[in-house]
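Take a look at the structure below.
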Amino acid sequence: MLTYTIRRLILAIPTLLFISFIIFIIVKLSPSDPTANLPLTIPPEVREQIRESLGVNDPILVQYLKWLKLMVWDEPLHLIDGWLGTDLAPPDTPGSRIISYQTRSPVMDLIMQRMPQTLWVVGTSYIVGILIALPLGIISAYKQYSVFDQLGTFVSMLGFSVPTFFTGVLFIVIFAVNLQWLPSVYDTTLEVTNWDTFVLQFKQMIMPVMVLGLFNASQISRYMRASMLDNLNQDYVRTARAKGLGESTVVLVHVLRNSMIPVVTVIALNVPAVFGGAIITEQVFKVNGIGQLLIVAIQAGDVPVVQTVSFIFAVLIVLFNLIADILYGVLDPRIRYD
C-alpha cells in the first residue's frame, strides 16, 4: 500500500502540472485588464507601468512559470509562516506574491480569510448529508419496495433533481420570509462569544447546510441503496445466515462493509464537487466564502484569483481520488496494490 501511495503521489505531479497549465491558459485568454478598476484619471503611462510590475506584458510561458513557482513554493511557505510563526518565505517584494487585480492583496491571504466560512458550511453540510444518506440507503435496501423505500426514493430523486439555487431560494421564502424563523442572510462578521451568539450562528447555518446536505444525501443514498441491494443477494450473505448469525450482524457488518466500497468513491470524489456546489449556495445566502470570492473575481476579470481558486479545486480532485483508492484497500482485504 505504501509503494502504491508513493507511486500515485509521483504520478499526481505531472497531472497537476498539466491541469495548472490548462487552467492558466484558459483563464489568461479571457479579456481582462489589471488596471480596469482603477480611476479613469490615471494616465496611460502609469497604467502601463502597473501592467509591467504585475508581469502582464511578459510572454505567456514566462507568466505561467512565474505563477507556478509562486503557487507551489512561495505561497505555501507564506502559509506555513502564518500558521507556525516561522520565517521561511522570501520577503514581500513586487512579484513575490500572487496579487489580486481588485484588492491588490495577496490572493492566498484572501482565500485563507474566506476559508473558515466555506469549511463551516461545506463541511457541516457534507457530514449531515452522509449521516442522512447512509441509514436511508441501508434501510431502503433492506426494506425494498416498502413505504419507507418509496418515500426515500421520492425524496432522493427530488433532492438530486432540483438545483441548489432553487432549493435555497425556496427555503428563504418559506423559513425566512413567510415563517420568519431563520435569517435569510449569513452574517460572516458574527463572533460566537456566548450562548446567544451561538444560537444565532446555529440558526443562520441551518438553511445553507440543509440545502447542500439534501443535495449530497440524495446522491449518496441512491448509491448506498443500490450497493446494498447488490450485496444482499450474494452467496456469502446466505452462508452467514445459515451459520446462525444475527440479522443485524449480517447486514451491518458483512453486507455493509462490502457495500461501502463503491459508496466511498462517491463520498471521496464528491468533496471537490461540494465546494463547487457551495459557490452557488454561498451566493444565495450571502456567505462570504471562497465561492463568493470566485464569483466576484469572475465578474471583475480578476485573473489571479480565478486561476488560484480553480487550481486549488483541481488539487482537491486529485487528492480525493487518491484517498478513495487507498480506502478501497482498507475496506476490502482482497484489494492489494503492491
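The values are calculated or read from the model by the stated rules, or taken from the named source; none is laboratory data. No experiment lies behind these values; they were computed from the predicted model shown. Every residue, glycine among them, receives a Cβ derived from its backbone with ideal geometry; neighbour counts consider all protein chains shown. For accessibility, only protein heavy atoms count, side chains too; no ligands or nucleic acids. Shrake-Rupley method; radii C 1.70, N 1.55, O 1.52, S 1.80 Å.
Here's a check for you: in the range 280-295, which residue that is among the hydrophobic types (A, V, I, L, M, F, W, C) and open to solvent by 20 Å² or more (accessible area, probe 1.4 Å) is farthest from the chain's Cα centre (by Cα)? Spell out how you get there, then give the answer.
Restricting attention to the range 280-295, the residues satisfying the condition of being among the hydrophobic types (A, V, I, L, M, F, W, C) are 280, 284-285, 287, 290, 293-295.
Next, from what is left, pick out any that are open to solvent by 20 Å² or more (accessible area, probe 1.4 Å): 280, 284, 295.
Numbers: 280: 12, 284: 17, 295: 15 Å.
Looking at residues that are among the hydrophobic types (A, V, I, L, M, F, W, C) and open to solvent by 20 Å² or more (accessible area, probe 1.4 Å), I get 284.
Evaluate the following for residue 77: is it aliphatic (A, V, I, L, M) and closer than 15 Å to residue 304 by Cα? Talk me through it step by step, then tell me what you get.
Values: aliphatic (A, V, I, L, M): yes; closer than 15 Å to residue 304 by Cα: no.
So residue 77 fails the test.
If you scan the range 18-34, which residues turn out to be within 21 Å of residue 299 (Cα to Cα), among the polar types (S, T, N, Q) and surrounded by 11 or more Cβ atoms within 10 Å (Cβ to Cβ)? If you could, list the steps in order and put the result at the bottom.
Taking the range 18-34 as the starting set, the residues that turn out to be within 21 Å of residue 299 (Cα to Cα) are 22-34.
After this cut, where a residue has to be among the polar types (S, T, N, Q) as well, the list is 30, 32.
Answer for the range 18-34, where residues must be within 21 Å of residue 299 (Cα to Cα), among the polar types (S, T, N, Q) and surrounded by 11 or more Cβ atoms within 10 Å (Cβ to Cβ): just 32.
Could you look through the range 94-109, keep only residues that are polar (S, T, N, Q) and farther than 17 Å from residue 33 by Cβ, and pick out the one that is modelled with the highest pLDDT? Outline the logic, then answer.
Start the filter on the range 94-109 by keeping residues that are polar (S, T, N, Q), which leaves 96, 100, 102-103, 105.
Applying the additional criterion that residues be farther than 17 Å from residue 33 by Cβ yields 96, 105.
Values: 96: 78, 105: 86.
Ranking the qualifying residues of the range 94-109, first place goes to 105.
Conditions tested, residue by residue: (1) buried (at least 19 other Cβ atoms within 10 Å of the Cβ); (2) at pLDDT 85 or above; (3) in contact with a Cys (Cβ under 9 Å, 6 or more places away or on another chain).
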site	(1), (2), (3)
227	yes, yes, no
231	yes, yes, no
239	no, yes, no
244	no, no, no
255	yes, yes, no
265	no, no, no
269	no, no, no
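So which pairs qualify, if the first residue must be in the range 45-68 and under 16 Å from residue 32 (Cβ atoms) and touching a residue at least 12 places away in the same chain (Cβ under 8 Å), the second must be in a helix (DSSP H, G or I) and among the acidic types (Asp, Glu), the Cβ gap must be under 9 Å, and the two must be at least 6 apart or on different chains?
Qualifying pairs under 9 Å: none.
Taking the range 35-63, which residues are modelled with pLDDT of 75 or more, within 20 Å of residue 298 (Cβ to Cβ) and not polar (S, T, N, Q)?
Within the range 35-63, just 56 meets the criteria.
Residue 315 versus (1) modelled with pLDDT under 85; (2) more than 30 Å from residue 170 (Cα to Cα): which is the lone unmet condition?
If we test residue 315 against (1) modelled with pLDDT under 85; (2) more than 30 Å from residue 170 (Cα to Cα), just (1) comes out false.
The conditions are (1) on the phi > 0 side of the Ramachandran plot; (2) open to solvent by 50 Å² or more (accessible area, probe 1.4 Å), and residue 55 fails exactly one of them. Which is it?
(2)
Could you list, in sequence order, all residues of the range 8-39 that are in a loop (DSSP other than H, G, I, E, B) and within 20 Å of residue 55 (Cβ to Cβ)?
As a first pass, look at the range 8-39 and keep what is in a loop (DSSP other than H, G, I, E, B): 29-39.
Of everything in the range 8-39, those that are in a loop (DSSP other than H, G, I, E, B) and within 20 Å of residue 55 (Cβ to Cβ) turn out to be 29, 30, 31, 32, 33, 34, 35, 36, 37, 38.
Could you list, in sequence order, the residues of the range 213-225 that are crowded, with 19+ Cβ neighbours inside 10 Å and within 14 Å of residue 155 (Cα to Cα)?
Answer for the range 213-225, where residues must be crowded, with 19+ Cβ neighbours inside 10 Å and within 14 Å of residue 155 (Cα to Cα): 213, 214, 215, 216, 217, 218, 220, 221, 222, 225.
If you go through the range 204-252, how many residues are under 24 Å from residue 150 (Cα atoms) and aromatic (Phe, Trp, Tyr)?
Result for the range 204-252: 2.
Rundown of residues vs (1) buried (at least 17 other Cβ atoms within 10 Å of the Cβ); (2) within 30 Å of residue 249 (Cβ to Cβ); (3) in contact (Cβ under 8 Å) with a residue 60 or more places away in the chain; (4) among the charged types (D, E, K, R), yes/no style:
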| position | (1), (2), (3), (4) |
| --- | --- |
| 139 | yes, yes, no, no |
| 144 | no, yes, yes, no |
| 164 | yes, no, yes, no |
| 168 | yes, no, yes, no |
| 177 | no, no, no, no |
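For the range 58-89, give me the residue count where each residue is open to solvent by 50 Å² or more (accessible area, probe 1.4 Å), of a type outside the set (Gly, Ala, Ser) and over 19 Å from residue 23 (Cα atoms). If you could, list the steps in order and put the result at the bottom.
The first filter runs over the range 58-89 and keeps only residues open to solvent by 50 Å² or more (accessible area, probe 1.4 Å), leaving 59-62, 65-66, 69, 72-73, 80, 82-88.
Adding the requirement that they be of a type outside the set (Gly, Ala, Ser) leaves 59-62, 65-66, 69, 72-73, 80, 83-84, 86-88.
Of the ones still in play, those that are also over 19 Å from residue 23 (Cα atoms) are 80, 83-84, 86-88.
Total meeting the criteria: 6.
For the range 126-176, name all the residues that are on the phi < 0 side of the Ramachandran plot and of a type in the set (Ser, Thr, Tyr). Outline the logic, then answer.
Taking the range 126-176 first, the residues on the phi < 0 side of the Ramachandran plot are 126-144, 146-176.
Passing the criteria: 126, 140, 142, 146, 153, 156, 161, 164, 167.
Looking at 167, 197, which is the one that is assigned to a helix (DSSP H, G or I) and within 21 Å of the chain's Cα centre (by Cα)? So that I can check it myself, show each step before the final result.
On the way: 197 fails: within 21 Å of the chain's Cα centre (by Cα).
Among 167, 197, only 167 is assigned to a helix (DSSP H, G or I) and within 21 Å of the chain's Cα centre (by Cα).
Those residues that are part of a helix (DSSP H, G or I), small (Gly, Ala, Ser) and farther than 20 Å from residue 283 by Cα, I need them from the range 146-160; list them, please. Full working, then the answer.
Quick first cut of the range 146-160, residues part of a helix (DSSP H, G or I) only: 147-160.
Of the ones still in play, those that are also small (Gly, Ala, Ser) are 152, 156, 159.
152, 156, listed by residue number.
The rows are residues; the columns are (1) assigned to a loop (DSSP other than H, G, I, E, B); (2) more than 20 Å from residue 293 (Cα to Cα).
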position	(1), (2)
71	no, no
81	no, yes
96	yes, yes
110	no, no
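Just the residues that are of a type outside the set (A, V, I, L, M) and under 17 Å from residue 101 (Cα atoms), please, taken from the range 19-43.
Residues of the range 19-43 that are of a type outside the set (A, V, I, L, M), as a first pass: 20-21, 24, 28, 30-35, 37, 39, 41, 43.
Answer for the range 19-43, where residues must be of a type outside the set (A, V, I, L, M) and under 17 Å from residue 101 (Cα atoms): 24, 28, 30, 31, 32, 33, 34, 35, 37, 39.
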